[in-house]
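This report refers to the structure that appears directly beneath it.
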Amino acid sequence: MAGNVGDIQWCFSQVKGAIETEDVTEADIISCVEFNSTGDLLATGDKGGRVVIFQRDKAGKIAIPSRGEYNVYSTFQSHEPEFDYLKSLEIEEKINKIRWLKRTNPANFLLSTNDKTIKLWKVTERDKRPEGYNLKDESGLMRDPTNVTSLRVPSFKPMELMVEASPRRIFANAHTYHINSISVNSDQETYLSADDLRINLWHLEVTDQSFNIVDIKPANMEELTEVITAAEFHPHECNLFVYSSSKGTIRLCDMREQALCDKHAKLFEEPEDPTNRSFFSEIISSISDVKFSHNGRYMVTRDYLSIKVWDLLMETKPIETYQVHEYLRSKLCSLYENDCIFDKFECSWSGDDRHIMTGSYNNFYRMFDREAKRDTTLEACRENMKPRTILKPRKVCTGGKRKKEEINVDCLDFNKKILHTAWHPLENILAVAATNNLYIFQSKD
């Protein structure tokens, strides 16, 4: 594969997180990964409610060839565990999603959410401190005003760089069910948050009020047939958004039509192949992620076994379908028993919309080249940890004679899974979360 023209040769760049320890603390497991709009900052959230922001190494960025290296920029506790006394429910601190706002001033802003509460964080740098107060001494203690004999003009003196994260807004008490998605509108003034049955529209300046724009909750909960699994705003049209469901459908809504978007503008659904019908059909057709392409023409959806590209102008079927791990179809029974069948894999577009990436098991992740119609399987592992080591494509065999480089489907480790991935918006740099480690890969050239 590596020798083909147009193929990207991927190589190892960095790995973050404890490598040596075999016992992984639950709180350290990464639960979301997100680049900002320039790709210079990369944020991760974990099950312990922490957000870690990495900053692109400036020297590595301008080097030839450039290096995709990131260093820790800021770490802060975004959410704490809570208890809902009215419902006798524990609210986990786990960060479900992080979304960056476009930068408009020296500060950076991001939204982070757990199951119930969304927070807007301001991340600022301080490299100067004021000195020369009249009523305070150098240690900060107040002076007696009667002892002040002359007036000094305070001045700013250089100090070691400090990065501070402060919560600017807290958006709470608007979701009865667990929040699974947040998405910032292209107007950069509003955003949506989605739970299992409702989608709310917020203004970034208003914390005590949100508008319910989708509500699929039936009057009688026994009639419930589907739930919302993901939602996202269109990257350019501020009135359009999509949401996916556990039934494998995607609905495109236009907020210009009506305030409550219960009636969709478009419904994207592929008829089920009767030959593949089984007990697990409904479970594996549930969409775990939906993402618009950068140009806004297409969207990609991920279900359990496949990834599909849809043209917004064609609702009847996807224009492309890629099998992620079809070899697991015969293993659905055991995957149901160990609950892996309910894993929610995310997907990512490359900056030029030519490639798609998504995760799999055994710390494998899959890349699909839409133009060349080629796919490759790579592994996030500790063995090739020398920088610029080219990654070898991996192959899974399903029986018969196994070649040397292949791994048998029965030998896959289902505890090692790549659920969260992100692709740099402008360059071929990948961020891949594998349990408590964050791997950074980049193209060779």
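The values are calculated or read from the model by the stated rules, or taken from the named source; none is laboratory data. These numbers come from a predicted model, not from an experiment. In this analysis, Cβ positions are derived from the backbone assuming ideal geometry, glycine residues included, and neighbour counts consider all displayed protein chains. Remember, those area values only see protein heavy atoms, side chains included, never the ligands or the DNA or RNA. Shrake-Rupley method; radii C 1.70, N 1.55, O 1.52, S 1.80 Å.
Taking the stated definitions as given, is E189 surrounded by 11 or more Cβ atoms within 10 Å (Cβ to Cβ) and either at pLDDT below 90 or charged (D, E, K, R) (or both)? Talk me through it step by step, then tell me what you get.
Working: surrounded by 11 or more Cβ atoms within 10 Å (Cβ to Cβ): yes; either at pLDDT below 90 or charged (D, E, K, R) (or both): yes.
So E189 passes the test.
Just give me the residues in segment 214-238 being among the hydroxyl-bearing types (S, T, Y) and loosely packed, with under 12 Cβ neighbours inside 10 Å, in sequence order. Working first, answer last.
So the first thing to find is which residues in segment 214-238 are among the hydroxyl-bearing types (S, T, Y), and the list is 225, 229.
Matches in segment 214-238: T225 only.
In segment 93-108, is there at least one residue being modelled with pLDDT under 95 and aromatic (F, W, Y)?
Within segment 93-108, none of the residues are modelled with pLDDT under 95 and aromatic (F, W, Y).
Might you let me know whether segment 238-247 holds any residue that is part of a loop (DSSP other than H, G, I, E, B), in contact with a helix residue (DSSP H, G or I) (Cβ under 9 Å, 6 or more places away or on another chain) and closer than 23 Å to Y177 by Cβ?
We begin by selecting, within segment 238-247, every residue part of a loop (DSSP other than H, G, I, E, B); these are 238-239, 246-247.
This time we only want the ones that are in contact with a helix residue (DSSP H, G or I) (Cβ under 9 Å, 6 or more places away or on another chain), so: 246-247.
Imposing the further condition that a residue be closer than 23 Å to Y177 by Cβ reduces the set to 246-247.
Within segment 238-247, one or more residues are part of a loop (DSSP other than H, G, I, E, B), in contact with a helix residue (DSSP H, G or I) (Cβ under 9 Å, 6 or more places away or on another chain) and closer than 23 Å to Y177 by Cβ.
Which is surrounded by 13 or more Cβ atoms within 10 Å (Cβ to Cβ), acidic (D, E), out of contact with any helix residue (DSSP H, G or I) (no Cβ under 9 Å at 6 or more places or on another chain) and without any contact (Cβ under 8 Å) to a residue 40 or more places away in the chain, of D137, D195?
Numbers: D137 fails: surrounded by 13 or more Cβ atoms within 10 Å (Cβ to Cβ).
One residue alone meets the criteria, D195.
Which ranges mark the strands (runs of 3 or more DSSP E) fully within segment 292-353 that have 1 or more residues being more than 26 Å from V184 (Cβ to Cβ) and open to solvent by 20 Å² or more (accessible area, probe 1.4 Å)?
320-323
Determine the pairs where a residue that is charged (D, E, K, R), located within segment 423-445, has a partner that is in a strand (DSSP E or B) with Cβ atoms under 9 Å apart, the partner being 6 or more residues away or on another chain.
E427/Q442; E427/S443; K444/W10; K444/C11; K444/I390
Looking at (1) under 15 Å from K116 (Cβ atoms); (2) in contact with a helix residue (DSSP H, G or I) (Cβ under 7 Å, 6 or more places away or on another chain), find the lone condition where K87 falls short.
With respect to (1) under 15 Å from K116 (Cβ atoms); (2) in contact with a helix residue (DSSP H, G or I) (Cβ under 7 Å, 6 or more places away or on another chain), K87 is out only on (2).
Any chance you could count how many residues in segment 88-103 are open to solvent by 60 Å² or more (accessible area, probe 1.4 Å) and among the hydrophobic types (A, V, I, L, M, F, W, C)?
Here the count works out to 1.
Just for segment 28-87: of the residues that are hydroxyl-bearing (S, T, Y) and not in a strand (DSSP E or B), which one is surrounded by the fewest Cβ atoms within 10 Å (Cβ to Cβ)?
Selected residue: Y85.
Answer yes or no: is there a residue in segment 104-123 that is surrounded by fewer than 13 Cβ atoms within 10 Å (Cβ to Cβ) and touching a residue at least 60 places away in the same chain (Cβ under 8 Å).
From segment 104-123, those surrounded by fewer than 13 Cβ atoms within 10 Å (Cβ to Cβ) are 104-106; that's our starting set.
Still in the running and touching a residue at least 60 places away in the same chain (Cβ under 8 Å): 104.
Yes.
Any residue that is surrounded by fewer than 22 Cβ atoms within 10 Å (Cβ to Cβ), touching a residue at least 60 places away in the same chain (Cβ under 8 Å) and either part of a loop (DSSP other than H, G, I, E, B) or of a type in the set (D, E, K, R) (or both) - is there at least one of those in segment 400-407?
In the first step, residues of segment 400-407 are kept if they are surrounded by fewer than 22 Cβ atoms within 10 Å (Cβ to Cβ); the result is 400-407.
In the following step, the residues that additionally are touching a residue at least 60 places away in the same chain (Cβ under 8 Å) were identified as none.
Looking through segment 400-407, none of the residues is surrounded by fewer than 22 Cβ atoms within 10 Å (Cβ to Cβ), touching a residue at least 60 places away in the same chain (Cβ under 8 Å) and either part of a loop (DSSP other than H, G, I, E, B) or of a type in the set (D, E, K, R) (or both).
Can you confirm whether segment 368-377 contains a residue that is more than 21 Å from A27 (Cα to Cα), of a type in the set (A, V, I, L, M) and either buried (at least 16 other Cβ atoms within 10 Å of the Cβ) or touching a Phe, Trp or Tyr at 6+ places or on another chain (Cβ under 9 Å) (or both)? Step through it out loud before you land on a result.
From segment 368-377, those more than 21 Å from A27 (Cα to Cα) are 368-377; that's our starting set.
Then drop every residue that is not of a type in the set (A, V, I, L, M), which leaves 372.
In the following step, the residues that additionally are either buried (at least 16 other Cβ atoms within 10 Å of the Cβ) or touching a Phe, Trp or Tyr at 6+ places or on another chain (Cβ under 9 Å) (or both) were identified as none.
Scanning segment 368-377, I find no residue that is more than 21 Å from A27 (Cα to Cα), of a type in the set (A, V, I, L, M) and either buried (at least 16 other Cβ atoms within 10 Å of the Cβ) or touching a Phe, Trp or Tyr at 6+ places or on another chain (Cβ under 9 Å) (or both), so the answer is no.
For segment 408-444, give me each residue that is under 14 Å from the mean Cα position of the chain (by Cα), more than 24 Å from E26 (Cβ to Cβ) and open to solvent by 10 Å² or more (accessible area, probe 1.4 Å).
Correct list: W423, P425.
Which residues, counting only those in segment 411-438, are in contact with a helix residue (DSSP H, G or I) (Cβ under 8 Å, 6 or more places away or on another chain) and part of a strand (DSSP E or B)?
If the condition is that a residue be in contact with a helix residue (DSSP H, G or I) (Cβ under 8 Å, 6 or more places away or on another chain) and part of a strand (DSSP E or B), then K417 is the only one that fits.
Go through segment 354-387 and count every residue that is within 19 Å of N437 (Cβ to Cβ) and part of a loop (DSSP other than H, G, I, E, B).
11
Does segment 273-280 contain any residue that is farther than 17 Å from F233 by Cα and among the small types (G, A, S)?
Start the filter on segment 273-280 by keeping residues that are farther than 17 Å from F233 by Cα, which leaves 273-280.
Retained after the next criterion (residues that are among the small types (G, A, S)): 278.
Yes, that holds for at least one residue.
How many residues does segment 140-171 contain that are part of a loop (DSSP other than H, G, I, E, B) and either exposed (fewer than 12 other Cβ atoms within 10 Å of the Cβ) or among the aromatic types (F, W, Y) (or both)? Break it down stepwise before answering.
At the first step, the residues of segment 140-171 found to be part of a loop (DSSP other than H, G, I, E, B) are 140-141, 143-144, 148-154.
From the residues that got through so far, the ones that are either exposed (fewer than 12 other Cβ atoms within 10 Å of the Cβ) or among the aromatic types (F, W, Y) (or both) too are 140-141, 144, 148-154.
Looking only at that region, the number is 10.
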